[in-house]
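The values are calculated or read from the model by the stated rules, or taken from the named source; none is laboratory data. Quick caveat: nothing in here was measured; it's all calculated off a predicted structure. Virtual Cβ from ideal backbone geometry, glycine too; neighbours counted across all protein chains shown.
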Amino acid sequence: MDAVLKYVPQKYLPETYLNVRIPGLGLILALILILIVGFLARNIVGSKIVHWTDRIVNRIPLARIIYVAIKQLLQGVFLPQTRAFRRVVMVEFPRQGVYSIGFLTGVSKGEVQNKTAKKVVNVFVPTTPNPTSGFFIMVPEDEVIPLSMSVEDAFKLIISGGIVSPSECNSSSTR
């Protein structure tokens with residue numbers, strides 16, 4: 001990391017005044033620089049870039065549809081205040097006898113509900129290891145198995161491909 005010090009003018013280096021070389025100074029300066037750039041990107045520059053990108057993409061017809069859909073999905077996944085994923089459920093998917101973890105996103109309404117004999121709910125089944133893609137399925141409510149794990153624990157389980165198990169709270173009551 002002393003390569004960072006090559007870009008600092010000699011008159012600003014402590015070695016000039018103290019006649020002592022400070023080991024790791026390049027690393028410290030690099031970390032400080034990263035923190036400053038991150039702060040600026042997140043607060044000042046970053047918000048302007050996001051706003052500018054939104055304006056440009058919203059002017060492109062097909063890109064707007066895709067961008068808005070992905071943006072809403074990511075906000076639902078990563079912003080806790082949206083509560084897009086109401087609860088964790090298990091459904092038989094993609095075929096009978098095979099179960100997948102999904103998230104209850106709402107109750108089907110309108111034409112979908114009118115065409116089915118049973119009450120149908122909306123479930124998002126994310127893929128592993130990228131939970132931002134997945135399958136939207138409509139399942140009869142009586143075929144959905146509610147789970148007691150948190151949305152966060154379910155995402156850990158999905159992203160890890162089943163390697164990270166959620167904490168088993170109330171495991172006896174779910175059986």
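Of the helices (runs of 4 or more DSSP H) lying entirely inside region 13-67, the ones with 3 or more residues being within 27 Å of the chain's Cα centre (by Cα) are found at 25-43, 45-57. Can you run down the residue pairs with Cβ atoms below 6 Å, 6 or more apart or on separate chains, where the first is in region 18-34 and more than 12 Å from Val8 (Cα to Cα) and the partner is of a type in the set (A, V, I, L, M, F, W, C) and part of a loop (DSSP other than H, G, I, E, B)? That search, which allows pairs on different chains as well, returns Leu27/Met1.
Selection of region 151-175 for residues being among the acidic types (Asp, Glu), at pLDDT below 85 and under 19 Å from Gly102 (Cβ atoms) yields only Glu152.
Here Arg95 fulfils each of the conditions (1) more than 23 Å from Leu73 (Cα to Cα); (2) surrounded by 15 or more Cβ atoms within 10 Å (Cβ to Cβ) apart from (2).
Taking residues in region 87-99 that are in the same structural domain as Leu147 (by TED's automatic domain parsing), and partners anywhere that are β-branched (Val, Ile, Thr) and assigned to a loop (DSSP other than H, G, I, E, B), the pairs with Cβ atoms closer than 8 Å and at least 6 places apart or on different chains are Val89/Val144; Met90/Val144; Val91/Val144; Glu92/Val98. Every test in (1) within 16 Å of Phe85 (Cα to Cα); (2) out of contact with any Asp or Glu (no Cβ under 6 Å at 6 or more places or on another chain) is passed by Val121 save one, and that test is (2).
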